[in-house]
1. Of the accessible area of the chain, with the probe set at 1.4 angstrom, what percent is carbon plus sulfur?
2. Would you work out the relative contact order for the chain, in percent, from Cα pairs under 8 angstrom that are 6 or more residues apart?
3. 7 Å from Cα along Cα→Cβ at both Ser348 and Ala448: what's the point-to-point distance in nm?
4. Which order do Tyr475, Tyr410, Tyr125 take when ranked by solvent-accessible area (1.4 Å probe, heavy atoms of all protein chains), largest first?
5. Under Stokes-Einstein, with the Kirkwood radius over Cα pairs standing in for Rh, what whole-number D in µm²/s applies to segment 36-181 at 25 °C and 0.890 mPa s?
6. Ignoring ligands, DNA and RNA, what accessible area per residue does the chain give at 1.4 Å, in Å²?
7. Please tell me which of these pairs span more than 18 angstrom C-alpha to C-alpha: Lys42/Lys225; Lys279/Lys309; Lys90/Lys337?
8. What net charge is computed for the residues neighbouring Asp331, neighbours being all others with C-beta under 15 Å from the C-beta of Asp331, Lys and Arg scored +1, Asp and Glu -1?
Amino acid sequence: MTNSEFLKQANLINGDWVQSDAGSSFDVTNPANGDVIGNVPKSGAAETRRAIESAEAAFIEFRQTTANQRAVWLRKMHDVMLDNQDELAKLLTMEQGKPHAEAFGEIGIGAAYLLWFAEEARRVYGEIVPSPWKDKKILVNKYPVGVVAAITPWNFPSSMLARKIGPAIAAGCTSVVKPASQTPYSALAWGVIAEKAGLPAGVINIVTGSASEIGGEITSNPSVKKLTFTGSTAVGKVLIKQSAENVKKVSMELGGNAPFIVFDDADIDRAVTGAIAAKYRNSGQTCVCTNRFFIQSGVYDQFIEKFTKAVTALKVGNGVDDGVQQGPLIDIHAVEKIEELLADAKSSGATLVTGGNRHALGGSFYEPTIVTDVQSEMRIAREEIFGPVSAVIKFQSEPEVISMANDTEYGLACYCYTKDLGRAFRMTEQLQYGLVGINEGIITTPEAPFGGMKESGLGSEGGSNGIDEYLNTQYSCIGGLERS
Ligand code: NAP
């Protein structure tokens, strides 16, 4: 794998693969075994500034390209990804830990986002608006915003970039990318994908290194017109504040505290399948992962019994091994956070049903866990768990569960299982979440807008509005059109 042509250990600036100015670097490790995979540049403000200058210079010509040309580049990038899906997935598993099947799926959905935005590029329509004046016309045009900076997390190191690079290219913007330090290789692979597709130098620049220095330069540099960030709410707030200095456009995809609600009238087997997908995918480390299970009293025992059976059957191991369904957590700090939350919950009366220990495999492997008798005020129900731990709360009525589900500053994803159509619509209307799964545990698709309410974010990625985040709208009034 370390011979892969997609494994790059340098910044990409203006089409050149370069080291940091000081020649310093940092190690990247495989979370499944702690092995050092390699090292990437430890860059700071100076390298970031050059990457921004490169993107700014490339923008002059790139914005003049036709939508059709940009769509062709995006389709070529899509093809490069699918032609090398297995190799890119192996790289992803090696640095992130998720099972190969999930990594393979992540590369696939990333490619699907590119295809979606290749199509959207050609549908950036303006408007001719009926004028209130006889002698003036009203035109509305859309233009690329300019240089876009993208900062991404470690949990989806490839597809989170697809959602940013895709619309940026489609709109005619150029980019500077800063990936998470724990998973830089899947992002650097985007540079190779772009090269293979023949994208002009400078359209995508990638810089690895110090988050605060790179982020500081990105947010203070007036040449960056937009910041698109995916990560924690805490860091998102810092970046919003920093971006306020020069009033940058910002898109924020932040943390969540997803409720998963199962009513007495639900199809319980379907709910258990959805619960496994919505909780244990990526070992519980996704922003849309269930954080709180709310199970109605009439089916509580039945659900817990079936769910426990399914959870204990999950195969834990190195993501490269056949049949593994749950890999390691990203690092030992993630394990410690889970231990803290579980200790707090147990000391306040929660009951461990299964799991609750570090896995026998050692390192950052953790047993798939279920804890019941959870109360809404416990830390485990208020903070993002970001691990393979299900926290279960019993409820009695619809109004009660709506109130508990909405009692959080987050508003990203929620799930609800019921066979009652009226209830399904009532729940959809009343749950304050940007993404709602009714009888479905996995709902992400490029065709739909992905984004959170409340402190889970600003703006959305994908869907028919996704490209708007990368466009400026301009109204022009054409006067002097008196009729003779
Ligand atoms: P994080 O700690 O917020 O880091 C995300 C990115 O921000 C990383 O590249 C990180 O760089 C960088 N960063 C950290 N501090 C920064 C600063 N001061 N200035 C500029 N950049 C900075 O989040 P994470 O732990 O990687 O990811 C997990 C979080 O992401 C969870 O909260 C999850 O819910 C959220 N998430 C949300 C979505 C969504 O679509 N809403 C999707 C996926 C994940 P370093 O790695 O170098 O520190």
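The values are calculated or read from the model by the stated rules, or taken from the named source; none is laboratory data. All of these numbers come straight from a predicted model, not from anything done at the bench. A quick note on method: Cβ atoms are made from the backbone with ideal geometry, for glycine too, and the neighbour counts reach across all protein chains shown. These area figures cover heavy atoms from the full protein model, side chains too; ligands, DNA and RNA do not enter into them. Shrake-Rupley method; radii C 1.70, N 1.55, O 1.52, S 1.80 Å.
1. Numbers: 9630 of 19100 Å².
C and S atoms contribute 50 percent here.
2. Values: 1137 pairs, mean separation 88.7, N = 484.
Relative CO of the chain lands at 18 percent.
3. That separation, rounded to one decimal, is 3.1 nm.
4. Values: Tyr475 125, Tyr410 30, Tyr125 145 Å².
Ranking Tyr475, Tyr410, Tyr125 by accessible area, largest first, yields Tyr125, Tyr475, Tyr410.
5. Details: Rh = 17.2 Å.
Stokes-Einstein gives a translational diffusion coefficient of 142 µm²/s.
6. Each residue of the chain exposes 39 Å² on average to a 1.4 Å probe.
7. Working: Lys42/Lys225 25 Å; Lys279/Lys309 15 Å; Lys90/Lys337 28 Å.
Long pairs (Cα-Cα over 18 Å): Lys42/Lys225; Lys90/Lys337.
8. Working: positive: Lys98, Lys337, Arg358; negative: Asp27, Asp35, Glu95, Glu336, Glu339, Glu340.
Net of charged neighbours comes to -3.
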